[in-house]
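Chemist: Mind looking over this structure? Questions follow.
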Amino acid sequence: MFSYYGTKKKLSKYYPISNFDTIIEPFAGAAMYSLRDDNWKKNVILYDSYDKVYLVWDYLINQASKDDIKNLPDLKKGLNLDTLEYLSESEKALLGFYCNTASAAPKKTVTERGERSWNRHKNYLINNLYKVKHWKIFKGSYKDVENIEATWFIDPPYKFGGGIYYVEGNKNIDYSDLANWCLSRRGQVIVCENDKADWLDFVPLKYIKGSRGKTMEAIWINS
């Protein structure tokens, strides 16, 4: 829904169709799988242990209206969000992710890239906000999620490579424990990683080209 490091916006269409009326994302991030056209109307439950991600989702789901988004300030290069004292912490977190797009944490100062892309991102928020109003967001670890029958879309910080860029609380993961947790889920389980990971029997999904080169996205499903 918002700009975030590791988002699955371009990849979401390659993942399996959800077979359940409930979708759970225990590492919510930007939740692009749940925003797919065939998914967003379902009972979507998000969890994330990172307080900034939680604040943004709580704002979008439970607080913001279209007019609130329209009234957010323009992001101009060099603008420091701390100077906008009228903004709430949730609004600052949201805008912080757009100050320098695809960041793992919200920034305070708008970059040239952030200014260039803001109008497009703002229009996306305005036009898609209605899709998430029935969703639920919780702040917590994947271990806190009740094990119910659902489609589990599990997109943790990757063990190798990009996972190092997440904040501390979101990257210190015991992957052996996470593997056992994934194996115990009830319903349809889809786990994301890259092809270097070995904590589940991942298979290649698709090559992607990013700022750090070309990598192979991998997937594990419990079918």
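Chemist: Show me, for segment 118-125, the HN-Hα J-couplings you get by feeding each phi into the Karplus relation (A = 6.51, B = -1.76, C = 1.60, θ = phi - 60°), rounded to Hz, glycine and proline as x.
Modeler: 4, 4, 5, 5, 4, 5, 4, 4
Chemist: Assuming R0 = 22 Å, can you tell me the calculated FRET efficiency for the pair Thr109 and Asn62, based on Cβ-Cβ distance, to the nearest 0.05?
Modeler: Step by step, r from the Cβ atoms, then E = 0.20.
Chemist: While we're looking at this one, here's another question. Enumerate the calculated ³J(HN,Hα) couplings along segment 4-14 in order (Karplus 6.51 cos²θ - 1.76 cosθ + 1.60, θ = phi - 60°), each rounded to whole Hz, writing x wherever the residue is Gly or Pro.
Modeler: 8, 4, x, 4, 9, 4, 7, 8, 4, 5, 8
Chemist: Classify segment 1-105 as rounded, prolate or oblate from the Cα gyration tensor: take a ≥ b ≥ c as the square roots of its eigenvalues, call it rounded if a/c is under 1.5, otherwise prolate when a/b beats b/c and oblate if not.
Modeler: prolate
Chemist: OK, next. Which of these values of semi-axes √(5λ) of the Cα gyration tensor in Å was calculated from the structure shown: (i) 29, 20, 16; (ii) 58, 20, 13; (iii) 37, 23, 12?
Modeler: (i)
Chemist: Exceeding 27 Å between C-alpha atoms, which entries from my cross-link table qualify? They are Lys92/Lys209; Lys9/Lys143; Lys10/Lys196.
Modeler: Lys92/Lys209
Chemist: Can I ask one more? Once amide H atoms are placed 1.01 Å from N in the peptide plane, what residues at a sequence separation of 5 or more from Val145, or on another chain, have their amide H within under 5 Å of its amide H?
Modeler: It is none; the list stays empty.
Chemist: Can you give the FRET efficiency for Ser184 and Asp74, using 1/(1 + (r/R0)^6), R0 = 45 Å, r = Cβ-Cβ distance, to the nearest 0.05?
Modeler: Between Ser184 and Asp74 the formula returns 0.45.
Chemist: To continue, here is another question. What is the extension gain from Arg116 to Tyr86, computed as 0.36 nm multiplied by their sequence separation minus the C-alpha to C-alpha distance, in nm to one decimal?
Modeler: 8.4 nm
Chemist: Using the Karplus curve 6.51 cos²θ - 1.76 cosθ + 1.60 with θ = phi - 60°, work out ³J(HN,Hα) for each residue of segment 175-189 in order, rounded to whole Hz, and write x for Gly and Pro.
Modeler: 6, 5, 5, 4, 4, 4, 5, 4, 5, 8, 5, 9, x, 9, 10
Chemist: Treating only the Cβ of Lys, Arg, Asp and Glu as charged (+1, +1, -1, -1), what charge dipole size does segment 14-123 show about its Cα centre? Round to the nearest 20 debye.
Modeler: 440
Each value in this text was obtained by applying a stated rule to the coordinates, not by laboratory testing. Note that this is a predicted model, so its numbers are computed, not measured. Using ideal geometry, Cβ is built from the backbone for each residue, glycine included, and neighbour counts are taken over all protein chains shown.
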